[in-house]
């Protein structure tokens, strides 16, 4: 019988597979989807209340993943990198991530991390960078993204957003929350990002 966690990994794999992009295919070409499962205690965050809305907003190809995460949110181990001292309590209440696989996720992988990021409406995730190379795929549209010295640019659901190693990037949501799939490789997979901007 398939467990909720095995189904989570399957739907994560299926969601990213619907996106045709050379950078994404390069990222995942060496990834073995057969990973040992960890037994993790659930950790529920206040931001999980946003998952019902992000499921409604998700494009059809991503909705099976979004719906599964929303349905089983209380069985999953959600995390936060920051504290109220970094960006304030409002940010913390509207932010969280779920590592599906990686060095601390539901499945063990020392080479790559993959998971989901959630941000509430009208939130700025300030400029930050990290050694790991990163890909984001928004499952919902309407969020603006910034990289390097460029300004904020609206990104649609299903777009591939690539952040090379140690390049500053930021996100800004509008009236609706964001749910995004992410992949990390080529650096410490549990490292805290270096903050270079301030929450607005």
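Every number in this text was worked out from the coordinates using simple rules, so none of it is lab data. Bear in mind the structure is a predicted one, so any value in this text is a computation, not a measurement. Counting neighbours? That spans all protein chains shown, and the Cβs are built from the backbone with ideal geometry, glycine included.
Please compute the length gained on full extension between residue 192 and residue 74, using 0.36 nm multiplied by the number of residues separating them and subtracting their Cα-Cα distance. Show your work: numbers first, answer last.
Working: separation 118, 0.36 × 118 = 42.48 nm, distance 2.46 nm.
In short, 40.0 nm is gained.
Where both partners of a DSSP beta bridge lie in region 50-200, what percent of those bridges are antiparallel, to the nearest 5?
Values: 37 of 39 bridges.
About 95 percent, rounded to the nearest 5.
Calculated FRET efficiency, residue 39 and residue 159, Cβ-Cβ r, R0 35 Å, to nearest 0.05?
With R0 = 35 Å, the Cβ-Cβ based efficiency is 0.50.
Just order 25-37, 67-79 by mean Cβ neighbour count inside 10 Å, highest at the front, would you? Please list the in-between numbers first.
On the way: 25-37: 12.2, 67-79: 17.5.
Order by mean packing, descending: 67-79, 25-37.
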